[in-house]
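One structure is given here, and the rest of the page talks about it.
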């Protein structure tokens, strides 16, 4: 007998919708901040990885594509990808790229740089994305943040899809920067008790 589905079992739809909406209007990329703050808040206040285990729409999307649709290689992820040095190294790399994105955003807000209507795929390949921005009443710096943040979210989704195809469906979760951060927070929080 199948367990009854809960509302949060459908959050994969939000993850897919985010990527689609950002393709057509880059300002929707701001919604991705929810995927940054909610996991951190849950780990700080509850001391667990409830977001990763229950609410992560991206993880659910990988489970659906890799599991139900059979797009996963279903192999174990290599040991080096599970290692602390890789996970923490990837987290540091991720932070460097994130702060570089914030710096670029600040330059546009300060008027020292023009808006770049591109999405950086895998942190290196610049893809023109000018159809997704139509100008708004909001400062161009806000649009620059949206282009940068969408780049981060799209890149991490592609990395997750690649590891899903090569390995088990939720292999991305092993080295996901948010998962690593929430794990660190939980360790600190649970030591305080």
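The values are calculated or read from the model by the stated rules, or taken from the named source; none is laboratory data. These figures come from a predicted structure and were not determined experimentally. For neighbour counting, all protein chains shown are included, and Cβ atoms are generated from backbone atoms with ideal geometry for every residue, glycine included.
Every residue in the range 61-73 that is more than 13 Å from the chain's Cα centre (by Cα) and either surrounded by 19 or more Cβ atoms within 10 Å (Cβ to Cβ) or touching a residue at least 24 places away in the same chain (Cβ under 8 Å) (or both), please. Show your work before the answer.
Of the residues in the range 61-73, the ones more than 13 Å from the chain's Cα centre (by Cα) are 63-73.
Correct list: 63, 64, 65, 66, 67, 71, 72, 73.
So which of 33, 65, 19 ends up being touching a helix residue (DSSP H, G or I) at 6+ places or on another chain (Cβ under 8 Å) and farther than 30 Å from residue 137 by Cα? Show your work before the answer.
Numbers: 33 fails: farther than 30 Å from residue 137 by Cα; 19 fails: farther than 30 Å from residue 137 by Cα.
On inspection, the qualifying residue turns out to be 65.
Out of 154, 137, 122, I need the residue that is without any contact (Cβ under 8 Å) to a residue 60 or more places away in the chain and closer than 16 Å to residue 94 by Cβ. Which one?
Numbers: 154 fails: without any contact (Cβ under 8 Å) to a residue 60 or more places away in the chain; 137 fails: closer than 16 Å to residue 94 by Cβ.
When all the criteria are applied, what remains is 122.
Here residue 124 clears all of (1) surrounded by fewer than 18 Cβ atoms within 10 Å (Cβ to Cβ); (2) within 30 Å of residue 184 (Cα to Cα); (3) modelled with pLDDT of 95 or more except the condition numbered (3). Given the criteria touching a helix residue (DSSP H, G or I) at 6+ places or on another chain (Cβ under 8 Å) and either in a helix (DSSP H, G or I) or more than 23 Å from residue 171 (Cα to Cα) (or both), does residue 93 qualify? No; evaluated as a whole, the condition is false for this residue.
All conditions in (1) under 17 Å from residue 103 (Cβ atoms); (2) within 19 Å of the chain's Cα centre (by Cα); (3) in a helix (DSSP H, G or I) hold for residue 141, with the sole exception of (2). Residue count for the range 127-139, restricted to those that are crowded, with 18+ Cβ neighbours inside 10 Å and out of contact with any strand residue (DSSP E or B) (no Cβ under 7 Å at 6 or more places or on another chain): 1.
For the range 159-178, state whether one or more residues are surrounded by fewer than 16 Cβ atoms within 10 Å (Cβ to Cβ), under 14 Å from residue 72 (Cα atoms) and without any contact (Cβ under 8 Å) to a residue 40 or more places away in the chain. Taking every residue of the range 159-178 in turn, at least one turns out to be surrounded by fewer than 16 Cβ atoms within 10 Å (Cβ to Cβ), under 14 Å from residue 72 (Cα atoms) and without any contact (Cβ under 8 Å) to a residue 40 or more places away in the chain.
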